[in-house]
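Enquirer: The structure's right below; bear with me while I get my questions together.
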Amino acid sequence: MPRMPAHKPRYLMGVGRPEDILEAVRRGIDMFDCVMPTRQALGMRICSQRVGCAHIRNAIHQKDTNPIEPGCGCYTFRHFSRSYTPASRQMQ
């Protein structure tokens with residue numbers, strides 16, 4: 001990082017694990033390009049700060065209507081449960 005100009009965007013390729021992204025941001029990286037997050041999502045794997053990473057296809061989550069991460073305000077965690085049931089269906 002010391003050799004990279006501070007006034008230009010800093011780009012990092014191939015880093016996609018949540019902990020690696022957070023570390024890179026801490027070190028001043030501005031942009032990322034990695035297929036790992038997309039592949040993880042297509043494989044029904046979620047990651048959050050409290051839960052860590054979990055496969056939501058596992059049977060344990062099949063009927064779990066709890067939020068993925070309680071208290072998180074992001075769209076996905078507000079609108080979908082661990083069973084991938086839309087929040088609007090949970091109230092019916």
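Enquirer: Output the lone cysteines of the chain: those with no second cysteine's C-beta under 4.7 Å from their C-beta.
Expert: CYS34, CYS72, CYS74
Enquirer: Give me the dipole magnitude in Debye, nearest 20, for the chain about the Cα centre, with unit charges on the beta carbon: positive for Lys and Arg, negative for Asp and Glu.
Expert: On the way: 14 positive and 7 negative charges, 12 e Å.
Dipole about the Cα centre, nearest 20: 60 debye.
Enquirer: Separate question: Among (1) 33, 14, 10; (2) 23, 16, 9; (3) 20, 13, 12, which is the computed semi-axes √(5λ) of the Cα gyration tensor in Å?
Expert: From the options (1) 33, 14, 10; (2) 23, 16, 9; (3) 20, 13, 12, the structure gives (1).
Enquirer: Something else: Defining a contact as two alpha carbons under 8 Å apart and six or more residues distant in sequence, what relative contact order in percent does the chain show? Write down the numbers at each step before the final one.
Expert: Details: 99 pairs, mean separation 16.0, N = 92.
Across the chain, relative contact order equals 17 percent.
Enquirer: Please tell me the relative contact order of region 1-42 in percent, rounded to the nearest whole number, where contacts are Cα pairs under 8 Å and at least six residues apart.
Expert: On the way: 37 pairs, mean separation 19.1, N = 42.
This gives 46 percent for region 1-42.
Enquirer: Hey, what number do you get for the chain at 222 nm if only DSSP H runs of n ≥ 4 count, each worth -39500 (n - 2.57), divided across all residues, to the nearest 500?
Expert: On the way: 4 runs with 25 residues, N = 92.
Mean residue ellipticity at 222 nm (helix-derived): -6500 deg cm²/dmol.
FYI, it's all coordinate maths here, none of it is from the lab. These numbers were taken from a predicted model, which means no experiment stands behind them. In this analysis, Cβ positions are derived from the backbone assuming ideal geometry, glycine residues included, and neighbour counts consider all displayed protein chains.
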